[in-house]
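One structure is given here, and the rest of the page talks about it.
The values are calculated or read from the model by the stated rules, or taken from the named source; none is laboratory data. Remember, predicted model here, so these are calculated numbers, not experimental data. No Cβ is skipped: glycine too gets one built from the backbone with ideal geometry, and neighbour counts run over all protein chains shown. Please note that ligands, DNA and RNA were not included when accessible areas were found on the heavy atoms of the full protein model with its side chains. Shrake-Rupley method; radii C 1.70, N 1.55, O 1.52, S 1.80 Å.
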Amino acid sequence: MKKWNRFLLVALSLLSFSSYAEYNANMTGVVTQVLTYTDGNQIYFLLKNQPTSHPSCKPDLFAIDASTPGETRHQVLSRLLTAYATGKPVNIGYDKEGDCAHTWIRAHRVG
């Protein structure tokens with residue numbers, strides 16, 4: 001019975017790890033577009049050197065997910081707009097393998 005409990009515990013913990021989005025890549029680029037819409041809380045943006053492919057998401061844009069807390073979205077939007085206005089490059093932390101945000105590449109960090 002103890003072996004079964006240990007096996008179940010390990011299996012459940014592995015399942016919980018696989019369901020979260022991953023921040024597993026970085027790239028630096030110049031922001032060429034920042035898009036927001038009044039019907040949603042997501043933020044979309046494009047880099048001059050935007051990736052041309054992605055295994056599961058549309059590669060045309062990066063997206064900050066609508067579920068990101070409002071204060072954090074405001075900070076990210078401010079950083080993106082500043083980078084856009086100054087033409088200075090930003091470093092983007094994103095998920096290069098999966099877990100899209102609104103069908104686009106999910107960005108986890110803008111720095």
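At-a-glance table
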quantity	calculated
Segment 54-111, subset in a helix (DSSP H, G or I) and among the β-branched types (Val, Ile, Thr), residue surrounded by the most Cβ atoms within 10 Å (Cβ to Cβ)	Val76
Matching residues in segment 37-53 - criterion: being touching a residue at least 12 places away in the same chain (Cβ under 8 Å) and either open to solvent by 80 Å² or more (accessible area, probe 1.4 Å) or of a type in the set (Gly, Ala, Ser) (or both)	Gly40, Asn41, Lys48
Residue within segment 1-22 that is surrounded by 14 or more Cβ atoms within 10 Å (Cβ to Cβ), in a loop (DSSP other than H, G, I, E, B), modelled with pLDDT under 95 and among the hydrophobic types (A, V, I, L, M, F, W, C) present	yes
Enumeration of residues in segment 37-53 that are more than 16 Å from Lys96 (Cβ to Cβ) and in a loop (DSSP other than H, G, I, E, B)	Tyr37, Thr38, Asp39, Gly40, Asn41, Gln42, Lys48
